[in-house]
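Each remark here refers to the structure printed beneath this line.
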Amino acid sequence: MRHNSYSIFLLAGALLCLFAACSDDNVSQEPPPSPKGSEPDTKYIGHVVGNFSADEWYPAGKLGTTENTAAGCYEDNTPAIDEQGLTDLFNQGDMMVSAKYTLSTEPYKGWGPVASRRSCEYCHSGGYAHGHSRDNMDPVKGNGYIVSVYTPDSPGSNNGTPINQLTTFTMLQAVEPFLPPVDPKQIHITWHDVTSMPSGLPMQFPDGEKYNLRYPSVSIPQSAFNTDPVPSNYEVRLIASCNFQGLGLIDAISNEDLKKQYESEGRFVELNPEFFDNTTKQLKPEAWAEDAFGNKFVKRFNYDLLDGCLENDVALWDELNILRSDIKHICSTEPWAKAMSENENVISYIQQHGSDPNSYVHPYYNDGTREGIKKAVRYLLSPSDNVNLYNNPYFNFKPEMSDDAYHAFMVWHRGLAVPRARNLNDKDVQRGKELFTGELGCAHCHKASWTTGADNHGSSVILGNKQLPKYANQKIYPYSDFIQHKLDMKNDIHGSWCRTTPLWGRGLSLINSGAEDRLHDARARNEIEAIMWHAYSKNSQAYNAALKFYNLPKKDRDAVVKFIRSI
């Protein structure tokens, strides 16, 4: 198993409420003496300290928290993995996601004919951490960017309909002779420094300490698209990869509790009208997603709230195009399939090399004529639900990922732990919590705690009733409401609606991944920048909270940052 020693968990009754600071209840044993200053936290772990309850040392509960807080802790399995007899499957899944995929080496076979990256770690480097800021789109290890390309709903808008030439996860690589749908070398990222904010706040705090903000712009010329037709009238934005830690715990939050959270917040603020009817104060059908058996789940994953249950994750198919038994077509687009079927270089290459049964392009050879090759390419590269790569007139492929390997992948995906909290005995951390959850009002969106439900998670055709780690009735502290709020940042995305990012474990990003970039496009290089982006515009729903932070004395600002880094 991964490094994951954990001590006996001490239950405590303290609730950290959404709109108020904490109060402590009794615990089952006497807590240690009151700490002094920044004394090491070792002897305080699992005890009430200051305004922290005993269970807040374990952000993902007894079943979801690793005691490891050193480099590499982002890759630890949860205690539930070991307790529920899933350690071997977790380790197998870990191998499936960390291996570099090739065209022919089983079981790590895939990567083609078009792909985003060579493995999960290419995007989620440093233990499946948040993506880093970059100045290019080269599909190399450590570059977790994808591009969102859309037809704006008005000129220059940050919202609109995604173009149909690209998949959700941008395919930037292709196997010869095919071309990627968009050429990464022609995607240009430019970083801009903010010199003034529309909110009117100066670029320095009242005590004179300066802060810096920057944001990216992205441009893609039409010549970069290898599709037919090429898009026109489009805008481009960047999205960085998300952390994987604790996804199983988020999956275990009940629909009923998420629905109540929407209804509670919707009484006071406008929520994204795509998901919430601000007149009737009810969730819309668009706020729900279904698993393979029609079970519905309130959407909670990704910046743009794409998924409601982790089991909807199509694993390595939508990034590396690794085929599995329940998906019978590749991840692509019709405009790309059409362009490849009409590309003379593609046809000539297949005609020259495809007659050899050992050639990668043999499946597309058909009868060897240019017209026959064109038909085979158009069909086999199509994303249509009517395509069956396992039963067709041209070539019958075989699934590259076995059902057992996919099961192991999902055990891993649901089994990554959240690191234990640190330094909760520190008076500055306690002051930071007091400000964050009380005076500043940050917890209105960064909701401190949830209790998971029965964990009646979704499933897929492959998984069926196969065992996955379960996290029922766990008190967890993700510091997110899993709802989108409007931040109104320069050059942002999705109509400025962005899901509240969970904060648990993020303070260990630097030692795990080498960077601590934050926000949806990694524009913020640290906590201060992330917070002050919330105050960029007075239209931001977090403006008042960020303004209060702006007006804090430096000692209190530092305490808030230290708190965020400790949880």
Item to check | Verdict on Ile531 being more than 18 Å from the chain's Cα centre (by Cα) and within 30 Å of Asp313 (Cβ to Cβ) | outcome: no
Checklist outcome for this item: Residue set His353, His329; condition closer than 16 Å to Val175 by Cβ, surrounded by 15 or more Cβ atoms within 10 Å (Cβ to Cβ) and modelled with pLDDT of 95 or more; output residue His353
Item to check | From Asn164, Asn158, residue being assigned to a loop (DSSP other than H, G, I, E, B) and more than 30 Å from Lys538 (Cβ to Cβ) | outcome: Asn164
Checklist entry - For the range 285-334, which residues satisfy the criterion of being small (Gly, Ala, Ser) and either under 21 Å from Glu400 (Cα atoms) or assigned to a helix (DSSP H, G or I) (or both)? => result Ala287, Ala292, Ala315, Ser325, Ser332
Checklist entry - Tyr406 fails exactly one of the following numbered conditions: (1) over 31 Å from the mean Cα position of the chain (by Cα); (2) closer than 29 Å to Tyr108 by Cβ. What is the number of that condition? => result (1)
Checklist outcome for this item: If we take the range 51-152, then helices (runs of 4 or more DSSP H) inside it with 2 or more residues that are open to solvent by less than 10 Å² (accessible area, probe 1.4 Å) are 61-64, 79-83, 87-98, 125-128
Checklist outcome for this item: Those residues of the range 257-284 which are free of Cβ contacts under 8 Å to residues at least 24 places away in the same chain and in a helix (DSSP H, G or I) amount to Lys260, Glu263, Gly266
Checklist outcome for this item: Those residues of the range 308-326 which are out of contact with any Gly (no Cβ under 8 Å at 6 or more places or on another chain), of a type outside the set (Ser, Thr, Tyr) and open to solvent by 20 Å² or more (accessible area, probe 1.4 Å) amount to Asp313, Val314, Trp317, Asp318, Glu319, Asp326
Checklist entry - How many residues, within the range 435-491, are in a helix (DSSP H, G or I) and either open to solvent by 20 Å² or more (accessible area, probe 1.4 Å) or not hydroxyl-bearing (Ser, Thr, Tyr) (or both)? => result 7
Item to check | Selection from the range 174-199 of residues that are polar (S, T, N, Q), within 26 Å of the chain's Cα centre (by Cα) and farther than 15 Å from Asn491 by Cβ | outcome: Gln186
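The values are calculated or read from the model by the stated rules, or taken from the named source; none is laboratory data. Bear in mind that the values here come from a model prediction, so they are computed numbers and not experimental data. Neighbour counts run over all protein chains shown; Cβ positions are idealised from the backbone, glycine included. Quick note on the areas: whole protein, heavy atoms, side chains included, nothing else; ligands and nucleic acids left out. Shrake-Rupley method; radii C 1.70, N 1.55, O 1.52, S 1.80 Å.
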